[in-house]
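I have placed the structure first, in the form of structure tokens, so that the comments after it can refer back to it.
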Amino acid sequence: MFPPSVQDTRYAVARPTVSLSRSVVTVSEFNMEYRIEQTFFNDNELPLRGLYILPLEGQEDVDKATVKIDGIAVPATIMSGESFFSTLKELTQSMGDPSLLGLAGKTVLVAQPVTMGIRDHRTFRVEYAKPVSIRKSHLWVSLPLDGERYALAPVPKQEIKVRFRMSRPVRSIFSPSHHLTVLREAPHRCLVSVESEGERVRKDFRLLATFSGTELSLSA
């Protein structure tokens, strides 16, 4: 969000907080479908104007996505790390926020303009898909959580679900970043869940799954 100005005077404001973070990743033999929902809250005495940036690190092969703000479709652009760099420099200077440089080199989705009224909520819903790349019968699933970390406050409610709908058995599932709950519906179908309330988000979500009788390798 850009610092608001009144009569040529700029005012420092708190970053919008994330009141809800809910993500579902559906993994099949050919692709991964992402559905990401984030609700932000403007706890300031001034309305805000800015843009929505969703990092797609590790997902550079995404070429299109749909974005809705409070249920209304809005245009969005996917930018490579190289093409986004000049925009990132301008944003860092205009917003006066050097922490944005953490996005340097990342592929991002950008939707604008975004406005938030005083004590206002905005819910963003993003859907996209990427091809699956299963190498040596194992697969990494990643979900960047920069927005939740950027808010600098505990997230009242966060949910992450990963659904596996494979043609081969899912042998093992492991996450180096989060504690998982795994519900196995069949050898080739399972649901992985992560839920938290009132906790700070410090790490991106990462999950490793192995298939077809292979052993889990933490060095993969």
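The values are calculated or read from the model by the stated rules, or taken from the named source; none is laboratory data. Bear in mind the structure is a predicted one, so any value in this text is a computation, not a measurement. A quick note on method: Cβ atoms are made from the backbone with ideal geometry, for glycine too, and the neighbour counts reach across all protein chains shown. Quick note on the areas: whole protein, heavy atoms, side chains included, nothing else; ligands and nucleic acids left out. Shrake-Rupley method; radii C 1.70, N 1.55, O 1.52, S 1.80 Å.
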(Q) If I ask for residues that are at negative phi, out of contact with any Phe, Trp or Tyr (no Cβ under 7 Å at 6 or more places or on another chain) and open to solvent by less than 70 Å² (accessible area, probe 1.4 Å), which ones from segment 49-60 would you list? (A) Leu51, Ile53, Leu54, Pro55, Leu56, Gln59
Q) For segment 133-144, does any single residue satisfy the condition of being open to solvent by 70 Å² or more (accessible area, probe 1.4 Å) and under 29 Å from Ser5 (Cβ atoms)? A) no
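Quick test for you: out of Thr26, Thr17, Thr9, pick the one residue that is more than 18 Å from the chain's Cα centre (by Cα) and open to solvent by less than 80 Å² (accessible area, probe 1.4 Å).
Working: Thr26 fails: more than 18 Å from the chain's Cα centre (by Cα); Thr17 fails: more than 18 Å from the chain's Cα centre (by Cα).
The conditions single out Thr9.
Against the definition (under 30 Å from Phe211 (Cβ atoms), within 12 Å of the chain's Cα centre (by Cα) and at pLDDT below 90), how does Asp63 come out, yes or no? Before you say what the answer is, go through the steps one by one.
Working: under 30 Å from Phe211 (Cβ atoms): yes; within 12 Å of the chain's Cα centre (by Cα): no; at pLDDT below 90: yes.
Considered against the rule, which asks whether it is under 30 Å from Phe211 (Cβ atoms), within 12 Å of the chain's Cα centre (by Cα) and at pLDDT below 90, Asp63 comes out as no.
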Q: Could you please tell me which pairs satisfy a Cβ distance under 6 Å, a separation of 6+ or placement on different chains, a first residue in segment 98-118 that is farther than 21 Å from Ser80 by Cβ, and a second residue that is assigned to a strand (DSSP E or B)?
A: Val114/Gly50; Val114/Leu51; Val114/Tyr52; Thr115/Arg49; Met116/Leu48; Met116/Arg122
Q: Report, by residue number, each residue of segment 184-201 that is part of a loop (DSSP other than H, G, I, E, B) and free of Cβ contacts under 8 Å to residues at least 40 places away in the same chain.
A: Pro187, His188
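Tell me the strands (runs of 3 or more DSSP E) entirely within segment 61-108 that contain at least 1 residues that are small (Gly, Ala, Ser) and open to solvent by 60 Å² or more (accessible area, probe 1.4 Å). Let's see the steps before the verdict.
Values: elements: 65-69, 72-74, 76-79.
Because the criterion is at least 1 residues that are small (Gly, Ala, Ser) and open to solvent by 60 Å² or more (accessible area, probe 1.4 Å), the strands (runs of 3 or more DSSP E) in segment 61-108 that meet it are 72-74.
Kindly provide the set of residues from segment 159-183 that are part of a strand (DSSP E or B) and either of a type in the set (Ser, Thr, Tyr) or open to solvent by 60 Å² or more (accessible area, probe 1.4 Å) (or both), ordered by number.
Arg163, Arg165, Arg171, Ser172, Phe174, Thr181, Val182, Leu183
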Q: Report, by residue number, each residue of segment 1-47 that is touching a residue at least 12 places away in the same chain (Cβ under 8 Å), of a type outside the set (A, V, I, L, M), more than 30 Å from His188 (Cα to Cα) and not in a strand (DSSP E or B).
A: Pro3, Pro4, Tyr11, Arg15, Pro16, Asn42, Asp43, Asn44, Glu45, Pro47
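Of the residues Ser99, Ser83, Ser94, only one is polar (S, T, N, Q) and over 29 Å from Pro47 (Cβ atoms); which?
Going through Ser99, Ser83, Ser94 in turn, just one is polar (S, T, N, Q) and over 29 Å from Pro47 (Cβ atoms): Ser83.
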